[in-house]
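*Asks:* If you scroll down you'll find the structure; I have some questions about it.
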Amino acid sequence: MQHLPTLTLNDQHDQPQTVEEDTRYLIFAAEKGAASLVDAVLEDRTGACLAAAGIRLVADISAMPQMVITMFALPKLRKRSYPILLGRTPDDTRELPREPGKVTVIAADTGQVHFIDDVDVLRATLGLTG
């Protein structure tokens with residue numbers, strides 16, 4: 001049973017990406033601190049690695065000024081080797097649960113929502129040890 005929201009957003013390369021049935025975990029970073037935590041866990045991972053693990057990442061960038069997005073955020077995000085679905089308006093991610101300063105992880109099979117603020121806990125929750 002799929003407990004994830006139906007979501008299609010453009011990634012950092014302006015390509016449409018969809019949270020699909022093979023997604024096991026949806027990671028949501030609603031703010032910069034949460035995004036930094038996700039970066040620390042995923043920095044050495046490839047798109048193929050995340051796809052094999054069934055992990056999709058959504059980042060809310062709606063609060064950033066357009067100039068900051070264009071000049072700084074997108075060039076940095078484009079260096080990532082995995083797709084990041086970008087919420088460019090508040091409506092894009094309004095259905096995703098969040099807690100200040102924490103990464104949201106939703107498990108597709110159970111619908112369980114984890115709010116995480118620790119690198120090791122995030123790694124373990126996603127099964128990305130090692």
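Just so it is clear, none of the values below were taken in a lab; they were calculated from the coordinates. Since the model is a prediction, treat every value here as computed from it, not as a measurement. Reconstructed Cβ throughout: ideal geometry from the backbone, glycine too, with neighbour counts over all protein chains shown.
*Asks:* From the Cα trace of the chain, what convex hull volume per residue do you get, rounded to a whole Å³? Intermediate values should be presented prior to the final figure.
*Replies:* Numbers: hull volume 12.6 nm³, N = 130.
About 97 Å³ per residue, rounded to a whole number.
*Asks:* At a Förster radius of 22 Å, what calculated FRET efficiency corresponds to the Cβ-Cβ distance of ALA52 and HIS3, to the nearest 0.05?
*Replies:* Values: r = 21 Å, r/R0 = 0.94.
It comes to 0.60.
*Asks:* Follow-up question, since we're still on this one. Pick from ILE69, ILE27, ILE116: which residue has the top mean-square fluctuation in a GNM of the chain where Cα pairs under 10 Å get a spring?
*Replies:* Per the Cα network of the chain with a 10 Å cutoff, ILE69 tops the list.
*Asks:* Also: Can you tell me which of VAL113, VAL19, VAL68 moves the most in a GNM of the chain? Springs connect C-alpha atoms under 10 Å apart.
*Replies:* VAL68
*Asks:* Taking the Cα centre of the chain as origin, sum charge times position over the Cβ atoms of Lys and Arg (+1) and Asp and Glu (-1), and report the length of that vector in debye to the nearest 20. Mind showing how you got there, number by number?
*Replies:* Numbers: 13 positive and 18 negative charges, 67 e Å.
In debye, rounded to 20, the chain gives about 320.
*Asks:* At what distance in nm do the modelled label points of ILE69 and ALA107 sit from each other, each positioned 7 Å from its Cα along Cα→Cβ?
*Replies:* The two pseudo-label positions are separated by 3.4 nm.
*Asks:* For a quick check of your reading of the filter: which GluC sites (Glu not before Pro) in segment 1-54 sit in a DSSP loop and have no more than 10 other Cβ atoms within 10 Å?
*Replies:* The qualifying sites are GLU21, GLU43.
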